[in-house]
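J.: Here's a structure for you.
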Amino acid sequence: MAKMIRKNYILAPGPTPVPTDLLLEGAKETIHHRTPQFKKIMQEATELTKYIFQTKNELFMLTSSGSGAMEMAVSNLLSTGEKVIVLSAGKFGERWEAICKAFKVDAVVIKREYGQTFTPEMVEKALDENPEATTVFTQLSETSTGTVMDIENIAKVVKGKGKLLVVDAISGLLAEPLKTDEWGIDVVVAGSQKGFMLPPGLAYVCFSEEALKKVEKSDITKFYFDVKAYQKNPAPWTPAVNLIYQQKMAGSMLKEEGIENVWERHRILAEAMRSAIKALNLELFSDKPGNPLTAVKVPAGIDGTKLVSFLRDEYGIVIAGGQGTMKGNIIRVAHLGYMSKFDTIIAISGLEMALKHFGYGLEYGSGVKAAEEVFERENV
Ligand SMILES: *Cc1c(COP(=O)(O)O)cnc(C)c1O
């Protein structure tokens with residue numbers, strides 16, 4: 001292939017692209033974290049983040065990746081030997097399972113095949129079969145399979161039975177509707193490098209009053225992620241000062257846009273991507289595809305791992321492949337965070353060219369056309 005200018009496009013479900021204004025905000029002089037100036041910034045950033053979570057509950061900002069917030073949820077809410085239910089149909093359901101195991105929590109794992117979702121009825125059945133279980137753990141978006149969970153109705157079932165609900169919204173937040181307080185979700189966790197359009201390094205977690213009552217009783221050993229330390233001081237340890245500047249700015253930008261509009265732009269990009277996949281005679285991997293990303297089955301005879309590295313090394317387009325047993329069999333394209341309709345067009349066009357390179361029969365532009373028609377219909 002003749003040499004072309006190389007430009008990189010990060011179209012994976014985290015880290016996602018960061019707009020220049022936010023990058024520059026992070027370049028401001030680092031101030032001391034025990035000053036009134038910083039405390040004010042931290043407080044404002046927290047309030048804006050609560051808006052994104054649609055909650056008035058206590059919300060903590062952690063210097064860690066999203067998994068740190070997952071760990072905080074388990075190690076503070078529960079006690080050793082406590083029975084909980086984990087919904088698991090992908091790598092991140094498995095992460096809840098692993099964290100519960102690490103803290104000796106008795107997790108009853110309700111497994112489904114990768115790519116499948118959980119209905120509220122399934123959750124109800126699991127709770128009926130395990131009446132001692134106190135808490136249900138799930139994802140809003142299972143990023144490893146591109147599947148969305150019906151959290152609103154799962155919450156109705158869980159809360160109806162007087163149990164607690166913990167939602168990993170690390171990739172789902174901002175891309176899927178989520179109303180923490182209105183739906184009665186007890187704990188929600190998220191991270192900076194997905195829908196927030198920020199670099200990696202911050203995680204967030206909010207706890208309902210009911211959840212905080214349970215925190216009082218938890219007997220699990222913890223230190224860095226001890227909720228009580230964060231209740232005394234929102235920055236018990238040195239926080240990622242510059243990331244907090246960026247968090248505050250991202251929160252303002254997103255609030256100004258309006259959370260419903262943010263959900264809507266993710267929905268439109270995802271519909272365009274799904275429409276393109278159909279036009280290219282490709283198959284979606286998930287039985288309930290969500291809006292943060294689209295997982296696609298790699299056509300027979302093509303190695304998905306090679307497809308992903310070809311897109312990266314030849315075109316500069318970074319998408320994600322499959323994890324674990326899905327490796328080589330699926331690809332995952334994000335439409336998450338700071339992405340416009342033309343980022344989605346790049347993903348589809350790159351995919352068309354790469355698939356053709358590997359011998360897949362398609363007509364150039366058919367996926368792009370389908371996406372453009374969605375944008376036209378949606379008037380964006
Ligand atoms: C990315 C992601 C995680 C892991 O977050 P880290 O920031 O890598 O620790 C957990 N759950 C879901 C659903 C994710 O998308």
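J.: Part of a helix (DSSP H, G or I) and either modelled with pLDDT of 95 or more or buried (at least 20 other Cβ atoms within 10 Å of the Cβ) (or both) - does that describe any residue in segment 3-14?
T.: No, that holds for no residue.
J.: Can you pull out the residues in segment 119-147 that are surrounded by fewer than 24 Cβ atoms within 10 Å (Cβ to Cβ) and either within 14 Å of the ligand (Cβ to nearest atom) or over 22 Å from residue 188 (Cβ atoms) (or both)?
T.: Answer for segment 119-147, where residues must be surrounded by fewer than 24 Cβ atoms within 10 Å (Cβ to Cβ) and either within 14 Å of the ligand (Cβ to nearest atom) or over 22 Å from residue 188 (Cβ atoms) (or both): 121, 125, 128, 129, 130, 131, 132.
J.: Still on this model: Taking segment 253-275, which residues are farther than 21 Å from residue 369 by Cα and small (Gly, Ala, Ser)?
T.: Hit for segment 253-275 is 258, nothing else.
J.: Got a sec? Which of 167, 188 is touching a residue at least 40 places away in the same chain (Cβ under 8 Å), within 16 Å of the ligand (Cβ to nearest atom) and part of a strand (DSSP E or B)?
T.: Being touching a residue at least 40 places away in the same chain (Cβ under 8 Å), within 16 Å of the ligand (Cβ to nearest atom) and part of a strand (DSSP E or B) holds for just one of 167, 188, which is 188.
J.: As an exercise: evaluate residue 278 against (1) surrounded by 15 or more Cβ atoms within 10 Å (Cβ to Cβ); (2) assigned to a helix (DSSP H, G or I) and give the number of the one condition it does not meet.
T.: The one condition residue 278 does not meet is (1).
J.: Just one of 78, 127 is out of contact with any His (no Cβ under 8 Å at 6 or more places or on another chain), among the aliphatic types (A, V, I, L, M) and closer than 30 Å to residue 244 by Cβ; which is it?
T.: After ruling out the rest, the residue left standing is 78.
J.: Tell me, yes or no, whether segment 205-218 has at least one residue that is modelled with pLDDT of 95 or more, within 30 Å of residue 326 (Cβ to Cβ) and not in a loop (DSSP other than H, G, I, E, B).
T.: Yes - at least one qualifying residue is present in segment 205-218.
J.: Would you mind finding the one in 241, 205 that is in contact (Cβ under 8 Å) with a residue 40 or more places away in the chain, farther than 24 Å from residue 36 by Cβ and not charged (D, E, K, R)?
T.: Result: 205 is the single residue among 241, 205 that is in contact (Cβ under 8 Å) with a residue 40 or more places away in the chain, farther than 24 Å from residue 36 by Cβ and not charged (D, E, K, R).
J.: Okay, moving on. Evaluate the following for residue 314: is it farther than 20 Å from residue 9 by Cβ and not in a loop (DSSP other than H, G, I, E, B)?
T.: Spelling it out, it is not the case that residue 314 is farther than 20 Å from residue 9 by Cβ and not in a loop (DSSP other than H, G, I, E, B).
J.: With the requirement that a residue be in contact with a Lys or Arg (Cβ under 6 Å, 6 or more places away or on another chain) and within 16 Å of the ligand (Cβ to nearest atom), what does segment 43-84 give you?
T.: Selection gives 75 alone.
J.: Against the condition touching a residue at least 12 places away in the same chain (Cβ under 8 Å), more than 19 Å from residue 320 (Cα to Cα) and assigned to a loop (DSSP other than H, G, I, E, B), how does residue 178 come out, does it pass?
T.: yes
J.: Being small (Gly, Ala, Ser) and either free of Cβ contacts under 8 Å to residues at least 24 places away in the same chain or assigned to a helix (DSSP H, G or I) (or both) is the filter here; which residues of segment 281-291 pass it?
T.: none
The values are calculated or read from the model by the stated rules, or taken from the named source; none is laboratory data. Keep in mind it's a predicted model, so treat the numbers as computed, not measured. Glycine gets a Cβ as well: all are built from the backbone with ideal geometry, and neighbour counts include every protein chain shown.
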